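This report refers to the structure that appears directly beneath it.
Just so it is clear, none of the values below were taken in a lab; they were calculated from the coordinates. Just so we're clear, the structure is a prediction, and the values are computed from it rather than from any experiment. Please note: Cβ atoms are built from the backbone with ideal geometry, for glycine as well, and neighbour counts cover all protein chains shown.
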Amino acid sequence: MSVPGRHVVLGVSGGIACYKSCTLARRLTEAGATVDVVLTAAAAEFVRPVTFEALTGRPVLTSLWDRGRALAHIDLAKHPDLVILAPATASVLARAAMGMADDLLTTLLLARADRPVLAAPAMNDAMYANPATTANIATLTTRGWHFVGPEIGALAEGPSERPGRMSEPEAIFAAAERLLGHSNSSKWSGKRVVVTAGPTREHLDPVRVITNPSSGRMGYALAEAARARGADVVLVSGPTELAPPAGLPTTHVETTEDMQRALQTLVPNADALIMSAAPADYRPKSREGKKRPRSAGPLTVELEATPDILGSLQRRKGMVVVGFALETGNGLANARAKLQNKALDYVILNDASEPGAGFEVTTNRVTILGRNGTQVDLPLLPKRDVAERILDVVEEAL
Ligand code: CTP
């Protein structure tokens, strides 16, 4: 068990989801953790500190100036094993990303930046979709923060088809348990996992390329989630706009053949290969050495197929191989065929024609098909949550 005896700081910021944080505080305490709750002033408007004091059996702090002992309390929380922010509002994420220390909670986050942080965002769906929030989450992810949720569902304003709702306390607890359990008990501990992500690019000439709109988000989320579980992860990424996850070894490649070469070196030592990249399937038969001027008139390009990476790799005995199938119709049949033809343990099917799924979006809806005939249909979820659910399934095969 990863939770008993561990010290957790539960930072609660002001959103209606605060009521769920009470259940989380109780769950962590019952599991044997020492839980110090820090409330922002707004959170204390939603739930009185005394509620958390009763649930955790420990004093709760709400301000830097609380009864003159808040600074001492930060000291007490010097080495928490984990800081959980639930709910993490748009405001607290923005202030943390900026490195502000304008209340007790953000002061603690700034002062204890070496401690792992698990944030459960909760906000109105428009605030979550705002590029400022996206950028703040990206910044904090780069600094090593872990995120759980948000989910799609009812918000204070009514039902929503877009993410914003805080994950349920049990899901946050499970994510915390995983982070705290990194140690030797994790099935992923010490496992060498290679994850591919993003598109590849094939040049027609020095300035023109054939590529696809893959953002790389699904692969990056998988790499980070596998690392959070204790795996030794290497990410092989095609060109994307994403910042490489801090501290995670990343090999950058451009063409499908480059990706194949990188994997030929890495895969012989791997315990698992998660092939979520969307390598270009075609490349020009020949590449022009100079930019062809448009004034030269119409252009006909002959394309040839790129190498089938999965089909060409020497696999280590017992290695778990996960492939992706991005389809635009007849998905289940095509994915089942890929499972067979590419000798995969799992294939993750997503339908690019479905809203909210596939390329360029932060959410995905996938079906996981297993070699032994299993089928798991997941709802529309943020890509990080999809990654966790995929790893839950893959874990059984490790
Ligand atoms: N893949 C690969 N090498 C390629 C293209 C794709 O290894 N040159 C991998 C992808 O990373 C994915 C899986 O194969 O995990 C399926 O990719 P997909 O493009 O759906 O399948 P293809 O093999 O290209 O088949 P088709 O285009 O006929 O659907």
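Here's how it looks for G11: its modeled amide H is under 5 Å from those of V38, I84, L85, A86, which are all 5 or more places away or on a different chain. Among A337, A278, A138, which one moves the most in a GNM of the chain with springs linking Cα atoms closer than 10 Å? Residue with maximal mean-square fluctuation among A337, A278, A138: A337. In angstrom, the C-alpha Rg and Dmax of region 277-328 are 17.3, 55.
Taking trypsin sites (Lys or Arg not before Pro) across region 301-398, the ones in a DSSP loop with at most 10 further Cβ atoms lying within 10 angstrom of their Cβ are K317. Listed values for region 341-357 are Karplus-derived 3J(HN,Hα) couplings in whole Hz (6.51 cos²θ - 1.76 cosθ + 1.60, θ = phi - 60°), namely 5, 9, 6, 9, 7, 9, 10, 9, 8, 9, 9, 5, 8, 8, x, x, 10, and x replaces Gly and Pro. With a ≥ b ≥ c the root eigenvalues of the C-alpha gyration tensor of region 7-183, is it rounded (a/c under 1.5), prolate (a/b larger than b/c) or oblate? Rounded, since a/c falls under 1.5. In this label model, R287 and N269 are separated by 2.8 nm, measuring between points 7 Å along each Cα→Cβ vector.
Around the amide H of F147, modelled in the peptide plane, lie the amide H atoms of A119, all under 5 Å away and 5 or more residues distant in sequence or on another chain. 3J(HN,Hα) along region 208-225, derived from phi through the Karplus expression 6.51 cos²θ - 1.76 cosθ + 1.60 where θ = phi - 60°, amounts to 10, 9, 9, 8, 9, x, 3, 8, x, 4, 4, x, 5, 5, 5, 4, 5, 5 Hz, with x in place of Gly and Pro. The lysines within cross-link reach of K191, meaning a Cα-to-Cα straight distance under 18 Å and a gap of 8 or more places when in the same chain, are K317.
Close amide H pairs (under 5 Å, H built 1.01 Å from N) link N364 with L381, K383, residues at least 5 positions away or on another chain.
Using Cα pairs under 8 angstrom and six or more residues apart, how large is the relative contact order of region 7-183, in percent? Could the numbers behind the result be given before it?
On the way: 336 pairs, mean separation 39.6, N = 177.
It comes to 22 percent, rounded to a whole number.
Counting only alpha carbon atoms, the long axis of helix 256-266 and the longest principal axis of the chain meet at about 60°.
How much length, in nm to one decimal, is gained on full extension between L64 and D392, taken as 0.36 nm per residue of separation minus their Cα-Cα distance? Each step should come with its number before you reach the end.
Working: separation 328, 0.36 × 328 = 118.08 nm, distance 4.01 nm.
Full extension of this stretch gives 114.1 nm more.
Here the Karplus relation 6.51 cos²θ - 1.76 cosθ + 1.60, evaluated at θ = phi - 60°, turns the backbone of region 89-97 into coupling constants of 7, 4, 5, 5, 5, 5, 5, 5, 5 Hz, with x for every Gly and Pro.
Using the Cβ-Cβ distance between V50 and V301 with R0 = 56 Å, the FRET efficiency computed as 1/(1 + (r/R0)^6) comes to roughly 0.20. On a straight-distance basis, which lysines could pair with K285 in a cross-link, Cα separation under 30 angstrom, same-chain partners fewer than 8 positions away excluded? Filter leaves K338, K342.
Regarding region 133-266, what is the average projected area of its C-alpha convex hull, in nm²?
Details: hull surface 41.5 nm².
So the mean shadow area of the Cα hull is 10.4 nm².
Among the chymotrypsin sites (Phe, Trp or Tyr not before Pro) within region 263-359, not one is in coil by DSSP while having at most 13 neighbouring Cβ atoms inside 10 Å.
Where both partners of a DSSP beta bridge lie in the chain, what percent of those bridges are antiparallel, to the nearest 5?
30 percent
With the Kirkwood sum run over all distinct C-alpha pairs, the chain has a hydrodynamic radius of 22.5 Å.
Spacing of the modelled spin labels on A132 and A42, each 7 Å from Cα toward Cβ, amounts to 1.1 nm.
If R0 is taken as 45 Å, the Cβ-Cβ distance between R294 and V361 corresponds to a FRET efficiency of 0.85.
Here the spin labels are modelled as points 7 Å beyond Cα on the Cα-Cβ line, and at Q375 and I16 they lie 3.7 nm apart.
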